[in-house]
Amino acid sequence: MSMNRLLSVKEVAVLLQTSRVQVRRMIQSGELAALKVGREYRIPLAVLQEFIRAALA
């Protein structure tokens, strides 16, 4: 069974070279899709990859 890796807000912020606050704003605005697990957000790796592809298009 292959499962998509879930990234934390901190991991996404490091990868995008931005702040955790900015990543949370992107999630709240709907710009970046995320799952809410308890009190934390998790971003599927595939979603982040598609976000980057779309931004570069």
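Any idea what the dipole of the chain comes to, in debye rounded to 20, about its Cα centre with Lys/Arg Cβ at +1 and Asp/Glu Cβ at -1?
200
Which far-off residues, 5 or more places away or on another chain, put their amide H under 5 Å from the one on Leu7, with H placed in the peptide plane?
Ile43, Leu45
Could you sort Arg39, Arg25, Arg20 by their accessible area in this structure, using a 1.4 Å probe and putting the largest first?
Result, largest first: Arg39, Arg25, Arg20.
How many nm separate the modelled label positions at Ser29 and Asn4, each set 7 Å beyond the Cα in the direction of the Cβ?
Between Ser29 and Asn4, the label points sit 2.2 nm apart.
Can you give me the relative contact order of the chain as a percent, contacts being Cα pairs under 8 Å and 6 or more apart?
38
Can you match percent of Cα pairs over 17 Å apart to one of these, [x] 46; [y] 61; [z] 31, based on a calculation from the structure here?
It is the value labelled [z].
The values are calculated or read from the model by the stated rules, or taken from the named source; none is laboratory data. Computed from a prediction, not measured in an experiment: that's the story for all the values here. Backbone-built Cβ (ideal geometry, glycine too); neighbour counts: all protein chains shown. Ligands, DNA and RNA are stripped out before the accessible areas are found, and what is left, the full protein with its side chains, is counted by its heavy atoms. Shrake-Rupley method; radii C 1.70, N 1.55, O 1.52, S 1.80 Å.
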